[in-house]
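Here the structure comes first, spelled out in structure tokens, and everything after it is commentary.
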Amino acid sequence: MRFLLGLLPLHLLVYLGLYHREHGQGVVGLGELVRGLASYPAQLGQILFGGALEPFWGGLLSTGLYFGMAALLLWPGFYLLRRLPAGILWAMGGLPAFLTLVLLVMLVFGLSNLFLFWTPVEPGQPWMVGVMTLALMLPSAARVAYYLRLRQEELIRSDFARTHRSIGLSERRVRAKVNRVALPEAVSLMAGEAFGLAVAVMLLEGLMQFPGVGLAVYNALSSALGSNEGLNLGVAEGGAVSSSPGLFLLLLLAGVYALLLEALTRRLDPRRQA
Amino acid sequence: MRWLLLPLLVLVLLAPTPSQGCPRQVLVKAGETVLVPPLAPGSPAAFFGTDADGRDNGCLVASGLRRSLQMGLSVLLLALPLGLVLGLGLGWRGWNVGLYGEIFVLAGLMLLAGSLYYREVLALGLAVYMARTVAVRVRTVLLEPFLEGAWAVGGGTLHILIRHVLPHLAPVVPGLLATSFGLVFLWMAELAVLGYYDQGGYFVQTGSGFETVPMRRFLPLNPDLGQLIGTARFEWLFNTEQLLLPALMLVLLTLAFSDLGRALSRHR
């Protein structure tokens, strides 16, 4: 329950923004803010008990697929990437997921031109699922691998590593001990990136216009200010606010993932076990 | 990576100012000279190609880089005093501040304030980020044994703040500024994919005028890199370089400044 309450301020802020864009223009006024706040409990009731989530369950499957696969592949990903030079890891970690997607799509298109194979840009195509997952996973995995390596280098020179060496443990065993201390911190870093992953999946679905919860939220957020460009995006039937259950699901997905990783951090940390 | 910033700054210096403008083509020379896009496809004036409206990509990105740097600097100047004061207060009180899901927070604030307050919203987000770093530093200093001694011999709040906390904070500030500057560009890139950027532009209506849905194109005026990404986001599969070039520039800026931040912190 405490965890759910932690997500609510973020959801409320975006809900108020969408409510304002649906009912007003320019800077939000106090009256409108109060009306938005007053309507929020009813909206939340609809989300939790009133079936407002029903239209989004189907979308959650595809968004959950990208999110879940990226979350799972993060583990082998950072394990494999940690052998790369630190400079490359650092640069890869700085790439936003959407740019990684663009680069990967260009790479696949280039290969398809070279070897003459068909790459239809449609949701559910195995190559598209692979590219979306890689685009979500690679920058995050590079950041974790980079952090892990820095931390390992720091710990290998620490007092406890020296003590292990002095009692006659081999360098390999000492490194294993160091890894046990560094890994929980890396997992904790992954937990901190959970909301970043949710943002990334939303932007990727938006760029590809692939159906999912992320696309619903992307279209709502984009069209709410997109009216400045005079663009009719033809989205958010029933108003931008109607996508707030989708946003709730997206935040919940990230929140549950962060919660699981936090629990894993506690489980992995040898100091807490002691 | 240490020299990444230099070529970017050179590119900014070489970029045409808004008054100079990007190269255009002489369309009509009879009587009055009319200089307009479009440049012809394959024109030697546009090495990086042209956008859908015949404007030189290389020039757009170079002048966008200049404008993005100006914007980033103004955001940083707005955020700095607020971030420092907030961070000092939070650190002094021992309170925590977090900014989770910052793109959602920034998007929410931008929806409430409108795109006219783009810079102010970014500055607010950046101030919170800076405040968190400053607060951690202040808390670390406050736990030092020499400060316990200073309190014990009767040092007042102002004395502790001016004589002990601020001098320990000062060496962190250059590194923090560089890292924050880099972060602004990352936020600008991600918000741009959502279609959130600094300023508007103008519409060009094409077609015969009898269409049921008017054929209008949005052309950003003196765009920054974020706006270039924002306007290219619907057509990126067909004109990939339109999105790729400004996005790469923003990422290079982020990396260059975060690298500078690391170097300054290490130097300290």
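Read-outs throughout are calculated quantities, based only on the coordinates presented, and are distinct from any laboratory measurement. The structure presented is a predicted model; accordingly, all values stated were derived computationally and were not measured. Note that each Cβ is placed from the backbone with ideal geometry, even for glycine, and that neighbours are counted across all protein chains shown.
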Which log10 I(q)/I(0) values, to two decimals, does the range A:31-90 give at q = 0.20, 0.26 Å⁻¹ under the Debye formula with one point per Cα? -0.84, -1.00
Using all Cα-Cα distances in chain B, what percent lands in each 5 angstrom bin from 0 up to the longest? 1, 6, 10, 14, 15, 13, 11, 8, 7, 5, 4, 3, 2, 1, 1, 0, 0, 0
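How would you rank B:75, A:129, going from fewest to most other Cβ atoms within 10 Å of each one's own Cβ?
The most exposed by this proxy come first: A:129, B:75.
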Quantify how strongly other chains surround peptide A:78-91 by giving the mean number of their Cβ atoms within 10 Å of each of its Cβ atoms. 1
Please compute, over every Cα-Cα pair in the range B:39-181, the percentage with a separation greater than 28 angstrom. 41
Shape descriptor, the range B:69-140: equivalent ellipsoid semi-axes (Cα gyration tensor, sqrt 5λ, whole Å, largest first) stand at 23, 14, 8
What are the principal axis extents of the Cα atoms in the protein assembly as shown, in Å, biggest first? 86, 60, 57
Per residue of B:108-120, other chain Cβ atoms within 10 Å number on average 6
Anything in chain B that counts as a DSSP H helix reaching 27 Å or more along its axis (C-alpha) with Kyte-Doolittle mean of at least 0.0? List them, would you? B:57-93, B:118-142, B:172-193, B:240-267
Ratio of the range A:109-186's C-alpha Rg to 2.2 N^0.38 Å, to two decimals? 1.82
Give me a single rounded figure for B:82-93: the average over its residues of other chain Cβ atoms within 10 Å of their Cβ. 0
Hydrodynamic radius of the range A:144-205 per Kirkwood, over alpha carbon pairs, in Å: 13.2
When Rg is the radius of gyration of the Cα atoms in chain A and Rh is its Kirkwood radius, what does Rg/Rh come to? 1.06
If exposed GluC sites (Glu not before Pro) are those in a DSSP loop with at most 11 other Cβ within 10 Å, what is the longest stretch of chain B that has none? B:33-210
Give me the Kirkwood hydrodynamic radius of the range A:4-159, using the inverse of the mean 1/r over all pairs of distinct Cα atoms, in Å to one decimal. 19.5
So how do B:59, B:22 line up by other beta-carbon neighbours within 10 Å, fewest first? B:22, B:59
Burial ranking of peptide ranges B:166-173, A:204-211 (average Cβ count within 10 Å, highest at the top): A:204-211, B:166-173
Working only with C-alpha atoms, what are the Rg and Dmax values of the range A:79-147, expressed in angstrom? 13.4, 40
Packing-based ranking, highest mean first, of B:245-251, B:110-116, B:192-198 given that Cβ atoms within 10 Å are counted: B:192-198, B:245-251, B:110-116
With no solvent and one equal point scatterer per Cα, compute the Debye intensity ratio I(q)/I(0) for the range B:144-238 at 0.12, 0.22, 0.24 Å⁻¹ and report its log10, rounded to two decimals. -0.63, -1.08, -1.15
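Helix by helix through chain A, keep the DSSP H runs that span 30 Å or more along the axis on Cα and average at least 0.0 on Kyte-Doolittle, and give those back in order.
A:2-23, A:57-81, A:126-155, A:244-268
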Can you give the percent of C-alpha pairs in the range B:147-202 whose distance is more than 13 Å? 72
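Under unit Cβ charges (Lys, Arg +1; Asp, Glu -1), what dipole magnitude, rounded to 20 debye, does the protein assembly as shown have relative to its Cα centre?
Details: 38 positive and 30 negative charges, 476 e Å.
Its charge dipole is roughly 2280 debye.
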